[in-house]
Amino acid sequence: MTFDFSAVKALAAPAWVAERAGAFGVEFDASDIEKLGTFLACIAVANERVNLTAITDSEQAWQRHVLDSLTLMGVLADLPEGARVLDIGTGAGLPGVPLAICMPHLRFTLLDGTAKKIAFVQAACARLGLKNVDAVTGRAEQLAHDIGVRRDFAGKVTRDGGYREQFDVVVARAVGQLDTLAEMAVGFAKVNGVVALIKGAQAQQEVEAASKTLHEIKVVVNAVAATPTGQIVILEKRVATPRLYPRAERVNAGKNKKK
Ligand code: SAM
């Protein structure tokens, strides 16, 4: 599937966007706003052909796509230049694209199991001229086991590529229940990395329901933090994830759970 966004014009930002973002410490420059508006316009155009979002109202799109995504900026704020962030189940590029626009010094990998959504993300990022985004089609529970290619040179063993333990921070929004999502996410994070998940009103209950899984995958709950648009669950990975995880059969079973 191909998209042509060459004629797309930025969606105007309501006056309250900068003020609401400022309330949680985000300062835009003019080109950020222009790019965020262009990204929303790309979603609106593509949504006529691919089911990307149920949100069609412009003000709702700024609030629920842009501001909600940017609530993760605080978690990413101290990462050094070139640090790597993975967005699992990115869909239309959320939260990954708004974060990549506002944090050009970080490198983002946006992952989704649906090829046409990734085709959209690639076309939108090309229209925006974003150089810090790599969009990949694949299943998280499979790629989390990809350890790359082993190289043995002069007695020194290294690994090229792969996804396991490659990311400083792993993020996701609206990708199932916390227990299965945390299990999918943790293998991608480096030791001493972080998993930061945008969640809704039930975040604390989801953390409690996931306690057995969180113990098994050896992560610690750092915070369940309220944001202006919802809640973020922050998990710390202090030791390597046992090789067994994520278990494909568990992740797939999670899809059928009642929400
Ligand atoms: N994160 C986006 C957002 O907040 O708007 C999209 C959320 S959408 C409800 C869930 C997305 O996760 C879908 O695009 C789906 O294809 C993707 N997804 C679900 N399970 C996945 C998996 N195991 N691996 C990769 N992508 C997955």
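Taking the numbered list (1) in contact with a Pro (Cβ under 8 Å, 6 or more places away or on another chain); (2) more than 23 Å from G129 (Cα to Cα) in turn, D78 passes all entries but (1).
Of everything in the range 125-161, what is at pLDDT 95 or above and among the charged types (D, E, K, R)? Give them in sequence order. R127, K131, D134, R139, E141, D146 - these are the residues of the range 125-161 that are at pLDDT 95 or above and among the charged types (D, E, K, R).
From the list V17, V66, V45, the lone residue that is under 18 Å from T227 (Cβ atoms), away from the ligand (no atom under 16 Å from the Cβ) and touching a residue at least 12 places away in the same chain (Cβ under 8 Å) is V17. With respect to being under 23 Å from Q231 (Cβ atoms) and without any contact (Cβ under 8 Å) to a residue 12 or more places away in the chain, I55 fits the description. On the stretch given as the range 78-97, residues that are more than 16 Å from the ligand (Cβ to nearest atom) and touching a residue at least 40 places away in the same chain (Cβ under 8 Å) total 3.
Let's see how each residue does on (1) in contact (Cβ under 8 Å) with a residue 40 or more places away in the chain; (2) crowded, with 19+ Cβ neighbours inside 10 Å; (3) closer than 15 Å to A100 by Cα; (4) within 16 Å of the ligand (Cβ to nearest atom):
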residue	(1), (2), (3), (4)
L110	no, yes, yes, yes
T114	no, no, no, yes
I118	no, yes, no, yes
V121	no, yes, yes, yes
D134	no, no, yes, yes
D146	no, no, no, yes
R150	no, no, no, no
G161	no, no, no, no
V169	yes, yes, yes, yes
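Among the residues making up the range 11-35, those that are open to solvent by 80 Å² or more (accessible area, probe 1.4 Å), assigned to a helix (DSSP H, G or I) and among the hydrophobic types (A, V, I, L, M, F, W, C) are A23, A30.
Scanning the range 98-108 for residues that are within 24 Å of G162 (Cβ to Cβ) and either touching a residue at least 40 places away in the same chain (Cβ under 8 Å) or within 15 Å of the ligand (Cβ to nearest atom) (or both) yields L99, A100, F108.
Regarding the range 210-226, can at least one residue be identified that is of a type in the set (S, T, Y), crowded, with 19+ Cβ neighbours inside 10 Å and in contact with an Asp or Glu (Cβ under 7 Å, 6 or more places away or on another chain)?
Among the residues of the range 210-226, at least one is of a type in the set (S, T, Y), crowded, with 19+ Cβ neighbours inside 10 Å and in contact with an Asp or Glu (Cβ under 7 Å, 6 or more places away or on another chain), which makes the answer yes.
The values are calculated or read from the model by the stated rules, or taken from the named source; none is laboratory data. Since we're looking at a predicted model, the values are computed, not measured. So basically every Cβ, Gly included, is an ideal-geometry build from the backbone, and we count neighbours across all protein chains shown. To get the accessible areas, we keep the full protein, side chains included, count just its heavy atoms, and leave off ligands, DNA and RNA. Shrake-Rupley method; radii C 1.70, N 1.55, O 1.52, S 1.80 Å.
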